[in-house]
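K.L.:
The structure follows.
The values are calculated or read from the model by the stated rules, or taken from the named source; none is laboratory data. Everything numeric here is computed off the predicted structure, so don't read it as measured data. Neighbour counts are summed over all protein chains in view; Cβ atoms, including those assigned to glycine, are modelled from backbone coordinates with ideal geometry.
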Amino acid sequence: MERLIEIEKEISIIIAVDRNASHTFFPVAKNTHVDGVLSESVVPAGISTDLQKQAQEIAYAIATSLEMVGILAVEFFISKSGKLLVNEIAPRPHNSGHWSQDACNVSQFEQLIRIACGLPMRAVHLLTPCVMRNVFGDNIIDEEIHQDHRNSISLYGKQPRAKRKMGHINSLLY
């Protein structure tokens, strides 16, 4: 599909749905993929309010049709003509939402735990713009990144190998 469409950018949105069918959205992220693997997510995505609303409506329709309870990530292509096309769905916390750990008042992980435990979901608020960058097995994290207080590094404890996601860095843009 990607070869047939002139893609302007890629975005994703995460919807959280509880047992009562109440829902909330995390802000839309703009994603950059390298060799088909997510490299970076930027929030806010820098898209129109209309496209954000369309992404929410589509994500809600998918979650509703699946009778979803939990977290659902929906990835989209935005064509050069401005059309929103669903690329992928993931019924779980998603790599393109890892920025929520540091940039929102509630992360996708906490929201999922709240849903699973029957606790009320929290309204999601973006506290600061953020860039999430994946760390791959062939990357070296520069000392400057460690020392910058705006960066939060999460490593997954995996054995390193080329092109394997080893963790991510959230850089807060305040």
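K.L.:
Spot the failing condition for C117; the list is (1) of a type in the set (A, V, I, L, M, F, W, C); (2) in contact with a His (Cβ under 8 Å, 6 or more places away or on another chain); (3) exposed (fewer than 11 other Cβ atoms within 10 Å of the Cβ), and only one is missed.
P.N.:
Going through the list (1) of a type in the set (A, V, I, L, M, F, W, C); (2) in contact with a His (Cβ under 8 Å, 6 or more places away or on another chain); (3) exposed (fewer than 11 other Cβ atoms within 10 Å of the Cβ), C117 breaks only (2).
K.L.:
On to the next question. Name the residues in the range 14-38 that are assigned to a strand (DSSP E or B), within 13 Å of H94 (Cα to Cα) and modelled with pLDDT of 95 or more, would you?
P.N.:
Step one: filter the range 14-38 for residues assigned to a strand (DSSP E or B), giving 14-17, 23-25, 29-34, 37-38.
Going one step further and asking which of them are within 13 Å of H94 (Cα to Cα), we end up with 14-16, 29, 31, 37-38.
Correct list: I14, I15, A16, A29, N31, L38.
K.L.:
Sticking with this structure for a sec: Just for the range 148-160: of the residues that are out of contact with any Gly (no Cβ under 7 Å at 6 or more places or on another chain) and in a loop (DSSP other than H, G, I, E, B), which one is nearest to K30 (Cα to Cα)? Walk me through it before giving the result.
P.N.:
Going residue by residue through the range 148-160, those that are out of contact with any Gly (no Cβ under 7 Å at 6 or more places or on another chain) are 148-152, 157-159.
Retained after the next criterion (residues that are in a loop (DSSP other than H, G, I, E, B)): 148-150, 157-159.
Values: D148: 23, H149: 23, R150: 20, G157: 27, K158: 26, Q159: 29 Å.
Taking the candidates together, the pick is R150.
K.L.:
So the check is Cβ under 7 Å with 6+ separation or different chains; which pairs have a first residue in the range 38-57 that's closer than 30 Å to G137 by Cα and a second one that's part of a helix (DSSP H, G or I)?
P.N.:
If the second residue must be part of a helix (DSSP H, G or I), the pairs left are L38/N95; L38/S96; S41/S96; V43/A103.
K.L.:
Continuing with the same structure: Scan (1) farther than 15 Å from I13 by Cα; (2) among the hydroxyl-bearing types (S, T, Y); (3) surrounded by 18 or more Cβ atoms within 10 Å (Cβ to Cβ) for the single condition S96 breaks and write down its number.
P.N.:
For S96, the exception is condition (1).
K.L.:
Something else about it: Any residue that is of a type in the set (V, I, T), farther than 24 Å from I58 by Cα and within 15 Å of the chain's Cα centre (by Cα) - is there at least one of those in the range 130-152?
P.N.:
yes
K.L.:
Are there helices (runs of 4 or more DSSP H) fully within the range 66-147 with at least 1 residues that are among the aromatic types (F, W, Y), under 15 Å from F26 (Cα atoms) and free of Cβ contacts under 8 Å to residues at least 24 places away in the same chain? List them.
P.N.:
On the way: elements: 100-103, 108-116, 143-147.
The qualifying helices (runs of 4 or more DSSP H) are 108-116.
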